[in-house]
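Data block below; observations after.
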Amino acid sequence: MTERLDGTVALVTGASSGIGEATARQLAAQGAAVALVARRKERLEKLAAKITASGGTALVLAADVSRQDEAIAVVEQTIKEMGRLDTLVNNAGVMLLGNIQGADTDEWERMIDINLKGLLYASHAALPYLLKAAEDSPRQVSDVINISSVAGRRARMGAGVYNATKFGVVAFTESLRQEVTGRHVRVSVVEPGVVATELTDHMKPEVREQTMKPFAGITPLEPEDIADIIAFIVTRPWRSAINEVLVRPTEQAF
């Protein structure tokens, strides 16, 4: 049984492209009003226009959730403008691969700040409202969806700090799930394999060429594939919680 999301509000971080953009469109199609969060305001505005043209509701919130004050502000602005918060999708992330020896540690800081701290800050700010939504919603449930990665399950050379952030996402998700599941806040982690997004664009060209060699010849997933899974998770009846989903391209063996 699928439940529509009419009357609910979702906040999606990293909504300016890739999985975040596809997820925002999918949740809006299911009836949710969507708060769109990312640093690139122009892209958010274009996405919001597409959502509203299709009959949906979207709120543009340009922000960097790796800054705690901005993470708090987008949650508070969502409540102010839309009145509630039922679904949080923590999707914002960056992948800066490379060996540990001789690494640019500024890249480590960026990954820790965005992949891990941003998710922590957004979750912490949203949790009181998600708990309230679970109490007063006819659906009797609210959701946190955290986007990790296959890299959150399997460490490999050249991805050490990225692995560390994504393993951290999985650990935090499970701990939070245990804390709030009895109050009908479902907490789920989605772990994609290779997806056709801009994630590799931030890497140095020579590093990208070297570290992405094992994935050559694999037909990647599309962002919509992950958005479909997120929509499936949040449209389950309250009694059903999908805690963890690992999804790889068919041709990805590792």
So, counting K/R as plus one and D/E as minus one, what does the shell of residues with Cβ under 11 Å around Arg40 add up to?
-1
Apply the Karplus parameterisation 6.51 cos²θ - 1.76 cosθ + 1.60, with θ equal to phi minus 60°, to every residue of region 202-210 and state each ³J(HN,Hα) to the nearest whole Hz, in sequence, with x for glycine and proline.
7, 7, 4, x, 5, 6, 4, 4, 6
With contacts defined as alpha carbon pairs under 8 Å and 6 or more residues apart, what's the relative contact order of the chain in percent?
21 percent
Return the calculated 222 nm mean residue ellipticity for the chain, to the nearest 500 deg cm²/dmol, obtained by summing -39500 (n - 2.57) across DSSP H runs with n ≥ 4 and dividing by the residue count.
-13000 deg cm²/dmol
Of Thr211, Ile19, Ala33, which is farthest along the charge dipole of the chain in the positive direction, counting Lys and Arg as +1 and Asp and Glu as -1 at C-beta?
Ala33
Ala58 long-range amide H proximity, modeled H, under 5 Å
Val34
Apply the Karplus curve 6.51 cos²θ - 1.76 cosθ + 1.60, θ = phi - 60°, to the phi angles in region 237-254 and return the couplings in whole Hz, x for Gly and Pro.
x, 4, 6, 10, 10, 8, 7, 8, 9, 9, 9, 10, x, 3, 8, 8, 8, 9
Residues of region 145-163 with amide N under 11 Å of a point placed 7 Å along Cα→Cβ from Val247
none
Can you give the longest run of the chain that contains no GluC sites (Glu not before Pro) sitting in a DSSP loop with at most 14 other Cβ atoms inside 10 Å?
1-197
Too-long pairs where the Cα-Cα distance tops 32 Å, listed order kept, from Lys132/Lys204; Lys46/Lys117; Lys46/Lys213; Lys46/Lys80:
Lys132/Lys204; Lys46/Lys213
Leu116: net charge of surrounding residues, Cβ under 12 Å, Lys/Arg +1, Asp/Glu -1, itself excluded?
+1
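Every read-out reported here was derived from the displayed coordinates using simple, explicitly stated rules and does not represent laboratory data. Because the structure is a prediction, the values reported are computed rather than measured. Positions of Cβ are backbone-derived with ideal geometry, glycine not excepted, and every protein chain shown enters the neighbour counts.
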